[in-house]
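Participant: Attaching a single structure in structure tokens format; questions to follow.
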Amino acid sequence: MLVSTIVSALSLFAVASAQSSISTSSSAAASASTSVAAVAATGSNGYSYAGCYNETTGIAGTNGDRALSGGKMETGDTTTVAVCLQYCGDSNYQYAGLEYSKECWCSNYLSALSTQLSASNCSLACVGNNTELCGGYLTLSLYNLTSKKAGSSGSSTKGDASSVAASSWTFVLGAGVMALTLGSAL
Ligand SMILES: *[C@@H]1O[C@H](CO)[C@@H](O)[C@H](O)[C@H]1NC(C)=O
Ligand SMILES: *[C@@H]1O[C@H](CO)[C@@H](O)[C@H](O)[C@H]1NC(C)=O
Ligand SMILES: *[C@@H]1O[C@H](CO)[C@@H](O)[C@H](O)[C@H]1NC(C)=O
Ligand SMILES: *[C@@H]1O[C@H](CO)[C@@H](O)[C@H](O)[C@H]1NC(C)=O
């Protein structure tokens with residue numbers, strides 16, 4: 001529960017920062033957008049761009065579950081697509097998703113309730129690189145692991161196995177157990 005509270009607080013903080021930066025620097029953003037247009041990065045580290053997908057926290061019946069749950073996440077002021085794909089790829093997660101400019105979510109499963117949106121729904125530049133896109137408000141720039149990384153062998157199977165188990169339990173037992181599972185994983 002502590003971990004889920006922290007994650008929720010981080011998300012709220014990210015929303016608050018995004019909103020305040022929008023309201024305080026709209027003229028800067030407007031002038032920047034005339035010279036720099038952020039684009040969806042194609043992917044790296046074995047991942048390919050899969051499209052813009054919806055977050056699920058606000059959809060009825062999900063108990064606030066994330067589109068990419070049961071894995072791990074990080075957020076910070078240096079977030080880029082490559083940094084996120086490295087972070088998720090270190091544990092061989094199937095999916096990596098960037099949200100709110102700065103959040104990186106990793107999971108082996110994409111929620112069946114997450115639907116593909118139009119590209120324009122993922123329009124926030126990454127905090128660590130303003131020429132590439134890092135999702136949007138409740139939307140994910142989704143990346144899918146489509147080729148094995150060079151040099152990835154059986155050396156990290158312990159981490160892989162516990163990730164898979166954590167995800168399975170999360171989907172069976174719900175958000176309360178997810179918090180405990182995440183807590184022990186971290
Ligand atoms: C910034 O993003 C662009 C587009 O993905 C990429 O080509 C470039 O290498 C990135 N630069 C840095 C410093 O990460
Ligand atoms: C996207 O998710 C939000 C809640 O997170 C929901 O209200 C909305 O209906 C969803 N939109 C689509 C197109 O699935
Ligand atoms: C996606 O963009 C459309 C058109 O701007 C908008 O109506 C819709 O609310 C957006 N959906 C999300 C989940 O941001
Ligand atoms: C991700 O890649 C896997 C394996 O190629 C594929 O089965 C799955 O449909 C892809 N998911 C998305 C959301 O594109």
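Participant: Between Ser120 and Ser147, how many nm apart are label points set 7 Å from Cα along the C-beta direction?
Facilitator: 3.4 nm
Participant: Something else now. With a point put 7 Å past each Cα toward its Cβ, work out how far Leu113 is from Thr57 in nm, to one decimal.
Facilitator: Result for the modelled spin labels: 1.4 nm.
Participant: Please give me the summed charge of the neighbours of Trp105: other residues whose Cβ is under 15 Å from its Cβ, Lys and Arg +1, Asp and Glu -1.
Facilitator: -3
Computed from the coordinates by the stated procedures, all read-outs in this text should not be read as laboratory data. Fair warning: this is a prediction, and the values are worked out from it, not measured in the lab. Every residue, glycine among them, receives a Cβ derived from its backbone with ideal geometry; neighbour counts consider all protein chains shown.
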